[in-house]
Amino acid sequence: MIRTEQSHAKYELARKYLAGGVASSLRASMKPVPIYVQSAEGARIRDVDGNEYIDYMLAYGPLILGHAHDELTTAIHQAMRKGYTYGLQHEGEIGLARLLTELLPCAEKVALSGSGTEAVMLALRLARAYTGKRKIVRFHGHYHGWSDSIFTSFPGAGLQGNDERAATSVLPGTSGQSAGSLEDVILLPWNDPIALESALRAYSGEIAALISEPVMCNSGCILPKPGYMELMQRLTKELGIVWILDEVITGFRLSIGGAHQRFGLDPDLVTIGKAMGGGIAISAVAGKATIMNLIDEGTVSHLGTLNGNCVSTAAAIATIGELVKDHGSAYTRMERLFTVLASGIRELLNKHGLPGLINQTGPVFHMMFTDEQEVTDFAAFNNRDGAKYTRFAEVMLSEGVLIRPNGLWYISTVHDDKDVQETLHAVDRSLAKLVD
Ligand SMILES: Cc1ncc(COP(=O)(O)O)c(C=O)c1O
């Protein structure tokens with residue numbers, strides 16, 4: 001067991017003043033207690049009880065350069081010395097927007113916001129304004145932020161994953177959500193070409209946008225079946241539907257140009273966030289000028305007090321600057337290390353006789369305990385043993401490794417072979433404890 005007295009005490013104190021005790025609801029699920037951080041550097045994070053962990057949670061994805069990266073920290077300091085935010089224009093926003101149009105294949109123009117949720121809200125608004133239609137198609141198991149317009153149950157209050165209704169009903173993601181907010185949402189199973197084509201053809205006259213993660217990172221890191229995204233692309237183009245790829249996770253993580261570059265896709269709009277800012281709040285919508293021009297014309301409002309502030313644009317430019325160095329060799333390195341880690345964990349699962357699997361796409365993977373031989377859709381994903389994984393994450397913490405209790409692992413450019421070997425030893429000991 002690790003010492004957690006200080007974290008426990010701080011969590012109790014926080015609950016007196018901070019609603020939920022944490023700043024974002026998901027964080028409360030950490031066992032044995034939400035951990036309080038003392039400091040962090042590189043791939044390591046230290047808590048207030050003196051424990052040190054190798055970090056694969058990486059703040060839910062943004063820390064692609066690890067913690068307190070020298071060049072990024074310097075860029076932020078330099079920007080701050082000239083003021084934090086002006087509410088006026090500055091070169092950083094032009095520089096970043098231009099960089100994004102150069103690096104993202106689909107980007108002719110971009111708009112900057114503060115979070116992935118906001119980027120998705122803007123993309124949906126642009127799509128509705130552009131098409132004059134109302135409905136939005138989204139997929140079960142995907143997550144597109146917590147705004148009323150798109151936040152659905154995950155997998156559904158009171159519904160088990162393999163319950164038929166979990167795949168078909170559009171239930172709000174939280175109480176307090178406006179009753180009408182999801183009226184225009186059509187929820188489909190993902191990776192099901194027949195369901196996709198029949199819904200799009202049936203409702204094409206009403207559908208403004210189809211939004212999809214390019215890899216279902218939020219539920220099992222599941223790759224699209226061969227031809228599935230191409231079908232999405234073909235049908236949306238044919239039927240006059242705006243195709244939004246939500247690259248908030250995959251942007252600047254799967255490659256410099258995100259998943260759409262990696263897979264050779266041509267979405268109308270992409271939303272990016274997380275890794276783009278290296279840990280500083282920034283997001284963007286990027287895409288076809290014909291759609292983005294609605295903002296130029298004043299037809300679509302895009303607002304936000306802190307949008308494109310000089311600290312966040314400097315952070316994004318510095319982060320991207322690090323990622324493009326040496327022709328993006330950091331991606332090859334991250335992918336190699338994660339492949340070593342994933343294969344090592346698979347061997348250890350075998351060694352301990354624990355059925356489980358890992359779905360890896362480059363520098364992100366999902367580990368789960370399951371009897372399934374492969375997990376290629378949301379229904380199969382829901383057959384995993386989530387409770388066992390949460391226990392595993394807790395044991396891993398006591399072995400010096402920080403992972404999300406839900407199974408998704410991220411790697412950064414500063415993790416190295418030694419971290420991976422240390423992690424494999426920790427996995428070995430943790431699985432042994434799980435079997436006991
Ligand atoms: C695919 C996807 N879209 C949107 C969001 C929302 O981003 P944010 O948490 O920055 O609002 C997330 C967050 O995890 C995400 O994974």
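The values are calculated or read from the model by the stated rules, or taken from the named source; none is laboratory data. Bear in mind the structure is a predicted one, so any value in this text is a computation, not a measurement. Positions of Cβ are backbone-derived with ideal geometry, glycine not excepted, and every protein chain shown enters the neighbour counts. The area values use the complete protein model at the heavy-atom level, side chains included, leaving out ligands, DNA and RNA. Shrake-Rupley method; radii C 1.70, N 1.55, O 1.52, S 1.80 Å.
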Exercise for the section: With a Förster radius of 45 Å, plug the Cβ-Cβ distance of MET1 and ASP70 into 1/(1 + (r/R0)^6) and report the FRET value to the nearest 0.05. Expected result: 0.80
Practice task
Mind checking segment 90-131 for GluC sites (Glu not before Pro) that DSSP puts in a loop (not H, G, I, E or B) and that have at most 15 other Cβ atoms within 10 Å?
Solution key: GLU108
Exercise for the section: Determine, from the Cβ-Cβ distance of GLU41 and ALA19 and an R0 of 25 Å, the FRET efficiency 1/(1 + (r/R0)^6), rounded to the nearest 0.05. Expected result: 0.25
Practice task
Give, in nm to one decimal, the length gained when the segment between LEU434 and GLN89 is fully stretched (0.36 nm per residue of separation minus the Cα-Cα distance).
Solution key: 118.7 nm
Completion exercise
With a ≥ b ≥ c from the Cα gyration tensor eigenvalues, square-rooted, and the rule rounded for a/c under 1.5, otherwise prolate when a/b > b/c and oblate otherwise, segment 70-322 is prolate
Problem - Rounded percent of accessible protein surface that carbon and sulfur make up, the chain, 1.4 Å probe - result: 53 percent
Exercise for the section: Pull out a ≥ b ≥ c, the square roots of the eigenvalues of the alpha-carbon gyration tensor of segment 1-135, then state rounded if a/c is under 1.5, prolate if not and a/b is larger than b/c, and oblate in the remaining case. Expected result: prolate
Fill in the blank from the handout: In whole percents, the bins of 20 Å from zero upward hold the Cα-Cα pairs of the chain as 25, 59, 16, 0
Practice task
Enter the Cα centre distance for the pair segment 1-34 and segment 225-245, rounded to the nearest angstrom.
Solution key: 43 Å
Fill in the blank from the handout: Rounded to the nearest 5, the percent of DSSP beta bridges in the chain running antiparallel is 60 percent
Practice task
Determine the per residue accessible area of segment 70-322 with all protein chains present and a 1.4 angstrom probe, expressed in square angstrom.
Solution key: 41 Å²
Practice task
Among DSSP beta bridges whose residues both lie in segment 70-322, state the antiparallel percentage, nearest 5.
Solution key: 40 percent
Practice task
Give the calculated FRET efficiency between ALA195 and ASP266 to the nearest 0.05, with a Förster radius of 22 Å applied to their Cβ-Cβ distance.
Solution key: 0.45
Handout entry: Distance in nm between pseudo-label sites at LYS237 and ASP148 (7 Å out along the Cβ direction from Cα)
Key = 3.7 nm
Problem - Reachable lysines, given that their alpha-carbon falls under 23 Å from the alpha-carbon of LYS351 and they are not under 8 places away in the same chain - result: LYS388, LYS418, LYS433
Handout entry: Highest-fluctuation residue, ASN309, ASN293, ASN359 considered, GNM on the chain with Cα pairs under 10 Å
Key = ASN293
Exercise for the section: Quickly rank 366-372, 194-200, 297-303, 110-116 as a protection proxy: mean count of other C-beta atoms within 10 Å, highest first. Expected result: 110-116, 366-372, 194-200, 297-303
Practice task
Name the residues whose placed amide hydrogens come within less than 5 Å of the amide hydrogen of GLY356, ignoring near sequence neighbours (fewer than 5 apart) on the same chain.
Solution key: THR370
Problem - Helical mean residue ellipticity (222 nm; -39500 (n - 2.57) per DSSP H run of 4+; nearest 500) of the chain - result: -12500 deg cm²/dmol
Handout entry: Cβ crowding within 10 Å averaged over residues, with 331-339, 224-232, 172-180, 410-418 ranked highest first
Key = 410-418, 331-339, 224-232, 172-180
Exercise for the section: Determine the gain in length on full extension of the stretch ASP385-LYS418; use 0.36 nm per residue of separation and subtract their C-alpha separation, reporting nm with one decimal. Expected result: 8.9 nm
Practice task
Treat each spin label as a single point 7 Å out from the Cα along the C-beta direction, and report the GLU52 to ARG98 distance in nm.
Solution key: 4.3 nm
Handout entry: Positive-end residue of GLY205, ILE282, LEU294, charge dipole of segment 70-322 with Cβ unit charges
Key = GLY205
